[in-house]
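Have a look at the structure below, then the notes.
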Amino acid sequence: MTDRRAFLIVMDSVGIGGAPDADQFFNDGLPDSGANTVGHIAQAQALNMPHLGRLGLGAAVRLASGQDAPGLMVNPQGLWGAATEMSRGKDTPTGHWEIAGVPVPWDWHYFPDTTPAFPPEVSARICELAGTTGILANCHASGTQVIEDFGAEHLRTGWPICYTSVDSVVQIAAHEDRFGLDRLIALCRSLAPMLHAMRVGRVIARPFVGGGPGDFRRTGNRRDFAIAPPGRTILDIAQGAGRVTHAIGKIGDIFSHRGIAHLHKGKSDADLAEHLVRLGADAEPGSLTMANFVEFDTNFGHRRDVPGYAAQLEWFDGVAGRFLDALRPGDLAIFTADHGNDPSWHGTDHTRERVPVVGHGVGPQEVGLVGFSDIGASVLAHLDLPAPDHGRSFL
């Protein structure tokens, strides 16, 4: 067994433009053609990202989209390229599964942008599980706005706040103390099998606290109940071969906790960063670590906050520098993303984009335009493990 270790870090929503089918995906009724998360942020304010820039992030933006990213256009010293998705989705599970070697073979179920959004049988099942006579919201909504709009009524009635979005998802918000965190998580866990049978990707528990409008805020105790991947992922393959696997952040939820030996959670990306740096130093020989950093997406992409997204990119670049300094000779680290979420774009949804593939551990190497599943196949090749069913190594 090789002693080489592999680290696959997903920067949630850090797309780089250029998806050839972007015209088939929409935001607020308009196509995603021309969306470019990193490129447009860098054009709004030059980015200071010396570590990921040196690996080749700027070169990847240019390869994917033909655009320059001011502040990032330096001579690449690492592995660099751009990946194109084949699955018909621009959501978190679809992107992560395909990166891990399992393209999505079905069309997801989405709920209409109407009020009510959910069919009667879904609403009735939520009421049955929650022990209530009704639900609140029942519409497409922003997760922060919906608790502001319905939080007081939730405290008065005890009814859960249920909403969806352009993603294939049902989200349920409830007060962590008054409704109960354990009760909310149990509700979502019990509801999930019904939704998964409908090909709804996720049921998400969204606890919040606070005494009234203006004071409500979501907590870090979110739980995702995702449909299981329909094939063997790189985590399954690594664990099946006796390798130690680590999952940082949402990875456990995204993969239904399959193929994962050790789960590392936190209240924020700052907490997750400490796990990543620590595992860079301490993870076992031959191990696979997969991480997701979600706050690019949740805190800045959906909220269309260009300066905030830029600051998060620069902060994460510092984390990447600390992590890379902790690695051992022979280690492979690949930074990528699952989709885009251009904060300069219209609407508030994810954007269909190519994603960066920038890596440390194999010297300067241009890999060109590759597929999402090629990333996972390359990680397994580095670990001397069998290839997944989809993807081909670019190493």
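The values are calculated or read from the model by the stated rules, or taken from the named source; none is laboratory data. Small disclaimer: the values here were computed from a predicted structure and weren't measured. Ideal geometry is used to build each Cβ from the backbone, glycine not excepted, and the neighbour counts take in all protein chains shown. For accessibility, only protein heavy atoms count, side chains too; no ligands or nucleic acids. Shrake-Rupley method; radii C 1.70, N 1.55, O 1.52, S 1.80 Å.
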Just to verify a result, which residue in the range 26-77, among those that are within 30 Å of D113 (Cβ to Cβ) and of a type in the set (D, E), is surrounded by the most Cβ atoms within 10 Å (Cβ to Cβ)? D32
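Can you tell which of G361, G340 is open to solvent by 10 Å² or more (accessible area, probe 1.4 Å) and in contact (Cβ under 8 Å) with a residue 12 or more places away in the chain? Working first, answer last.
Details: G340 fails: open to solvent by 10 Å² or more (accessible area, probe 1.4 Å).
None of the others qualify; the one that does is G361.
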State whether the residues of the range 51-69 include one that is at pLDDT 95 or above, over 21 Å from G368 (Cα atoms) and touching a helix residue (DSSP H, G or I) at 6+ places or on another chain (Cβ under 8 Å). no
Hey, D91 in contact (Cβ under 8 Å) with a residue 12 or more places away in the chain and exposed (fewer than 15 other Cβ atoms within 10 Å of the Cβ) or not: no
Restricting attention to strands (runs of 3 or more DSSP E) lying wholly within the range 189-275, give those where 1 or more residues are more than 27 Å from G376 (Cα to Cα) and not assigned by the TED database to the domain that holds F323. 202-209
Sole residue being at negative phi, surrounded by fewer than 17 Cβ atoms within 10 Å (Cβ to Cβ) and touching a Gly at 6+ places or on another chain (Cβ under 9 Å), chosen from L272, L263: L263
When the range 8-25 is checked residue by residue, the ones that are buried (at least 16 other Cβ atoms within 10 Å of the Cβ) and either without any contact (Cβ under 8 Å) to a residue 40 or more places away in the chain or not in a loop (DSSP other than H, G, I, E, B) (or both) are L8, I9, V10, M11, A22
Filter the range 364-389 for residues that are within 19 Å of the chain's Cα centre (by Cα), of a type outside the set (G, A, S) and open to solvent by less than 10 Å² (accessible area, probe 1.4 Å) and give the result. F372, I375, V379
If I ask for residues that are surrounded by fewer than 16 Cβ atoms within 10 Å (Cβ to Cβ) and either under 27 Å from H382 (Cβ atoms) or among the polar types (S, T, N, Q) (or both), which ones from the range 300-319 would you list? G318
On the given criteria, is W80 surrounded by 22 or more Cβ atoms within 10 Å (Cβ to Cβ), among the aromatic types (F, W, Y) and within 25 Å of S344 (Cβ to Cβ)? yes
